[in-house]
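Below you'll find the structure, written out as structure tokens, and then a few comments.
The values are calculated or read from the model by the stated rules, or taken from the named source; none is laboratory data. Since we're looking at a predicted model, the values are computed, not measured. With ideal geometry, Cβ positions are generated from the backbone for all residues, glycine too; neighbour counts draw on all protein chains shown. Ligands, DNA and RNA are excluded from the accessible area calculation, which covers all protein heavy atoms including side chains. Shrake-Rupley method; radii C 1.70, N 1.55, O 1.52, S 1.80 Å.
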Amino acid sequence: MTRRTIVLLRHAKAEQPEQMNDSERGLTPRGHSDAAHAGRWLAEHDHWPQVVICSPARRTRQTWQEASSAGPAPSVRHEPSLYAGSPGDLLAVVRQLDARHERVLIVGHNPTISDFSALLDPQGIDDTGLRTCGLAVHEFTGDWSQCRPEAAALLTTYTARAAAVG
């Protein structure tokens with residue numbers, strides 16, 4: 001059986017300007033820095049993805065763009081259901097992944113990204129969920145189509161902001 005890794009990344013710190021469509025909000029300078037740091041962490045800890053599924057919102061695309069400079073270019077897909085979808089929608093996306101891939105990175109938004117982490121391993125993530133630019137690394141054994149609730153243990157979490165400040 002094949003070991004599969006699901007890495008969840010909540011987008012980095014975003015601007016909050018008035019009179020702007022939510023999907024067009026970009027990252028703050030700290031957000032850009034945190035996202036680059038998250039990419040370095042992924043590369044240094046052998047969690048670099050083979051495929052990335054990203055919300056089409058500007059702040060998630062910018063988060064991945066900054067993070068992506070730390071490693072080789074994986075396949076990237078912008079998935080509309082990640083913008084306003086449910087944890088069940090994310091699970092459906094994971095279940096359809098190509099069997100060739102063993103590691104996926106999903107770049108999304110709260111509360112869905114944290115709720116999806118809790119769906120995969122309800123024992124793992126705390127009640128506050130992922131902070132901005134937070135990562136959760138889950139693992140399970142089997143085919144992507146077999147991924148189900150409570151089947152992907154949380155291996156570790158990481159928040160780029162905490163590392164950059166500390």
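Structure values in brief
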{"quantity": "Computed label-point distance, nm, for sites residue 16 and residue 141 using a 7 Å Cα→Cβ extension", "calculated": "4.5"}
{"quantity": "DSSP bridge orientation in the chain - percent antiparallel, rounded to nearest 5", "calculated": "50"}
{"quantity": "Rounded Å value of the spacing that divides the Cα centres of segment 1-68 and segment 111-166", "calculated": "14"}
{"quantity": "Residue-span extension gain [residue 50 to residue 150] - 0.36 nm each, minus C-alpha spacing", "calculated": "33.7 nm"}
{"quantity": "Cα gyration tensor shape of segment 85-144, rounded if a/c is under 1.5, else prolate or oblate by comparing a/b with b/c", "calculated": "prolate"}
{"quantity": "Candidate values (1) -0.77, -1.15, -1.25; (2) -0.40, -1.05, -1.29; (3) -0.20, -0.96, -1.35, label of the one derived for log10 I(q)/I(0) by the Debye sum over Cα atoms at q = 0.08, 0.17, 0.20 Å⁻¹", "calculated": "(3)"}
{"quantity": "Percent accessible area from carbon and sulfur atoms, the chain, protein chains only, probe 1.4 Å", "calculated": "44"}
{"quantity": "Estimated vicinal HN-Hα couplings, Hz - segment 67-82 in sequence order (Karplus 6.51, -1.76, 1.60; Gly, Pro = x)", "calculated": "5, 5, 5, 8, x, x, 6, x, 5, 10, 10, 9, 10, x, 5, 7"}
{"quantity": "Residue order for 37, 109, 45 - accessible surface, 1.4 angstrom probe, largest first", "calculated": "45, 37, 109"}
